[in-house]
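Working notes for the structure below.
The values are calculated or read from the model by the stated rules, or taken from the named source; none is laboratory data. For clarity, every value in this text was computed on a predicted model and none was experimentally measured. Note that we place each Cβ from the backbone using ideal geometry, even for glycine, and neighbour counts take in every protein chain shown.
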Amino acid sequence: MTASEHAAREAEALPEVVGRPAVFDLDRTLLAGSSLVALARVMARRRMVSGQQLLSGLAMDQVFRRRGATDDDVDRIRTIALRHIAGADVAQLRALTDEVGRALSRQVLPGARMLLRRHQEAGDFIVILSASPQELVEAIASRLGAQRAVGTRAEVDGSRYTGGLDGPFCYGIGKVQRLEHDLGPGSLDAATAYADSTSDLPVLEACREPVAVNPDRPLRRVAKARGWPVVRFA
């Protein structure tokens, strides 16, 4: 079975979208920093990445916490991440992302957790969205009670990753493409979206109720100009 066929079969098993979608970005929205760097920490302990690569990732995470990531930052992270999983066993990496996801789900910011609970009590359809690997986003989403996880899918050949992408990179306009594919056409028309970065403008603009969370400076300016709500989670 090809990676695309696997994704199609997986999509068929996903729960139907019932209720109003509430889309939560992951990094710097639900979490304080980068979920991908958290994964890199564990990979370094398992000697799947080098100590130097981990230090570079940690330095980038500190910048990310302060001002968000640029397109070049994210592109570099994506390239490095895909390179390091090329040839990796799918089952082994899934076990790893499950371990990291369990830890990260306990690190969700208190204000964000309260907002998640409010949407759940309203019967909304919760979606966790991230450029991080699909497997990691799924591991976090399942523990937060979300109905759908949307992340970057890595290409699989048999039981191993190829080092390529399966579908669009879940970043910028790619997030909208993934959401529309996984939720269905028109599903964002009634959605609320929470995100932190100007790179998430395509998602915020595609949803009926955009909310800027812990926004970087460019997004803060856009939110102010358009009258979007701005919230901050410590």
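Here are some notes:
- Matching residues, segment 132-179, being charged (D, E, K, R) and either under 20 Å from Glu99 (Cα atoms) or more than 15 Å from the chain's Cα centre (by Cα) (or both): Glu135, Glu138, Arg143, Arg148, Arg153, Glu155, Asp157, Arg160, Asp166
- Here Pro185, Pro218, Pro168 are screened, and the one residue that is at pLDDT below 95 and touching a His at 6+ places or on another chain (Cβ under 9 Å) is Pro168.
- Highlighted here are the strands (runs of 3 or more DSSP E) found entirely within segment 110-164 that include at least 1 residues which are aliphatic (A, V, I, L, M), touching a residue at least 12 places away in the same chain (Cβ under 8 Å) and within 20 Å of Val17 (Cα to Cα): 125-133, 148-152.
- Residue pairs whose Cβ atoms lie under 9 Å apart, sitting 6 or more positions apart in sequence or on different chains, and linking a residue in segment 8-26 that is over 9 Å from Asp124 (Cα atoms) to a partner that is exposed (fewer than 14 other Cβ atoms within 10 Å of the Cβ) and modelled with pLDDT under 85, are Arg9/Met1.
- Looking at Ala149, Ala206, Ala193, Ala154, just one residue is touching a helix residue (DSSP H, G or I) at 6+ places or on another chain (Cβ under 7 Å), more than 19 Å from Ser34 (Cβ to Cβ) and surrounded by 21 or more Cβ atoms within 10 Å (Cβ to Cβ), and that residue is Ala193.
- Scanning segment 179-198 for residues that are of a type in the set (Gly, Ala, Ser), over 24 Å from Gly111 (Cα atoms) and part of a loop (DSSP other than H, G, I, E, B) yields Gly184, Gly186.
- Qualifying residue in segment 153-174 (condition: within 15 Å of Thr29 (Cα to Cα) and β-branched (Val, Ile, Thr)): no
- Unique match (being in a helix (DSSP H, G or I) and either of a type in the set (Ser, Thr, Tyr) or surrounded by 21 or more Cβ atoms within 10 Å (Cβ to Cβ) (or both)) among Leu219, Leu201: Leu219
Condition check ((1) touching a helix residue (DSSP H, G or I) at 6+ places or on another chain (Cβ under 8 Å); (2) surrounded by 21 or more Cβ atoms within 10 Å (Cβ to Cβ)) across all residues:
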| residue | (1), (2) |
| --- | --- |
| Arg102 | yes, no |
| Gln107 | no, no |
| Ser130 | yes, yes |
| Glu135 | yes, yes |
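- Hey, Glu99 among the acidic types (Asp, Glu) and in contact with a Ser or Thr (Cβ under 9 Å, 6 or more places away or on another chain) or not: no
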